[in-house]
Each structure stands twice: as C-alpha cells, then as structure tokens.
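Notes follow once the structure below has been shown.
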Amino acid sequence: MIRLSLALTALGMASAALAQTSPPAGSPRLPAAASSAAAPGRAALPERPRQLGLCVACHGEDGRSRAVGTPHIGGQDEAYLRSSLLAYRDGSRRAVAMNGISNALQPADIDALARWYAAQPGFGKEP
Ligand code: HEC
C-alpha cells in the first residue's frame, strides 16, 4: 500500500512537471508569417538548391529514397554528403547513377545540396 501511494505521488509529480512545460493557456501564438516558413517544431530549412530537381526522382526532396537500391540521404552528415558528391564528381567513387549526374554540379551546387539534405529529418524517425 505504501508502495502504491509512493507510485501515485511520483505520478502526480511527473504530471505536474509535464504541465509546467506546456505553454500556459492563452499564450501568444506565432504570427502566421513566421510559422509559414517552416513546419511547426522544425528548424527553418536552408535555401532550396537550384539543382535539387536533378535528385528528387531517386532521393526525394527530403532525402527519403524513392527507388530500390537508392540510399536515404536525408539527415545524413553534411560533410559526408559533400565529400561523397565530390568523389562521384571526380570519379574516385564510382556508381553509374551518380557519376554522370554529379558532373553537372558546380562546387556551390554540391554545398547547397549537402546542406539541404543534411537539414532534412533523418529516415529513422518521423519528421
Ligand atoms: C537515377 C537515380 C539517382 C539520381 C537522379 C541521383 N542519385 Fe544519388 N544515388 C543513387 C544511387 C543508386 C546511389 C548509391 C550509389 C553507390 O552505390 O555509391 C546514390 C548515392 C548518393 C549519395 C551517397 C550516399 C551515401 O550514403 O554514401 C549521395 C550523397 C547522393 N546520391 C546525392 C545525390 C544528389 C545530391 C543528387 C542530385 C544532384 C542525386 N544523388 C541524384 C541514385 C541517384
């Protein structure tokens, strides 16, 4: 019985703590202009890369693969994405799907694409 009441007390404390973290009723909402820039609870994405259209058929806009055998790249480490693209471009990493397409990319495009995909939610968890 003592155990049960201890547990109930702990539960009460936990829910009180939870209640404190949620915003008080009537707290000001974000202005519409600020919230339209990004989905709620997500950091604003970097500028949309001008060459993103070259990638979406296989990797999707968010880096979740659309095709069998194509890796998910959303949420991947930015420096890794950049070095992979540079390696496909200079031929030191070989993959039919990627060598041709990365030839069309300027270094600034590679930076923008690496930044974009790295900023997406990872594929292991819901956005
Ligand atoms: C025709 C489909 C296709 C298109 C279009 C495509 N990719 Fe890929 N991508 C692949 C495949 C397949 C691989 C795996 C290649 C390998 O085995 O190295 C890959 C690998 C990658 C990797 C390495 C991932 C890792 O985990 O090592 C990156 C980064 C990448 N792609 C970025 C891009 C970007 C950026 C674009 C647009 C410029 C693009 N891809 C366009 C199919 C595609």
(message) Let me check something: with ligands and nucleic acids excluded, how do I101, I73 order by accessible area (1.4 Å probe), largest to smallest?
(response) I101, I73
(request) Whole number in Å², please: accessible area per residue of the stretch 48-127, 1.4 Å probe, ligands, DNA and RNA not counted. (result) 58 Å²
(request) Treat every Asp and Glu Cβ in the stretch 48-127 as -1 and every Lys and Arg Cβ as +1, leave all other atoms uncharged, and give the resulting dipole magnitude about the Cα centre to the nearest 20 debye. (result) 140 debye
(message) Rg/Rh for the stretch 48-127 to two decimals, with Rh computed the Kirkwood way over all alpha-carbon pairs.
(response) 0.93
(request) Taking every pair of Cα atoms in the stretch 79-124, average 1/r, invert it to obtain the Kirkwood radius, and report Rg/Rh to two decimals. (result) 0.99
(request) Per residue of the stretch 98-103, in order, report the coupling 6.51 cos²θ - 1.76 cosθ + 1.60 (Karplus, θ = phi - 60°) as ³J(HN,Hα) in whole Hz, putting x for Gly and Pro. (result) 9, 5, x, 5, 6, 5
(message) If you take every residue apart from W116 with its C-beta less than 10 Å away from the C-beta of W116, what net charge results, scoring Lys and Arg +1 and Asp and Glu -1?
(response) -3
(request) Go through the stretch 108-116 residue by residue and turn each phi into a ³J(HN,Hα) via Karplus (6.51, -1.76, 1.60, θ = phi - 60°); whole Hz please, and just put x for glycine and proline. (result) 5, 5, 4, 4, 5, 5, 4, 5, 4
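The values are calculated or read from the model by the stated rules, or taken from the named source; none is laboratory data. Keep in mind that what you see is a predicted model, and the values were worked out from it rather than measured. For neighbour counting, all protein chains shown are included, and Cβ atoms are generated from backbone atoms with ideal geometry for every residue, glycine included. Accessible surface areas use protein heavy atoms only, side chains included; no ligands, DNA or RNA. Shrake-Rupley method; radii C 1.70, N 1.55, O 1.52, S 1.80 Å.
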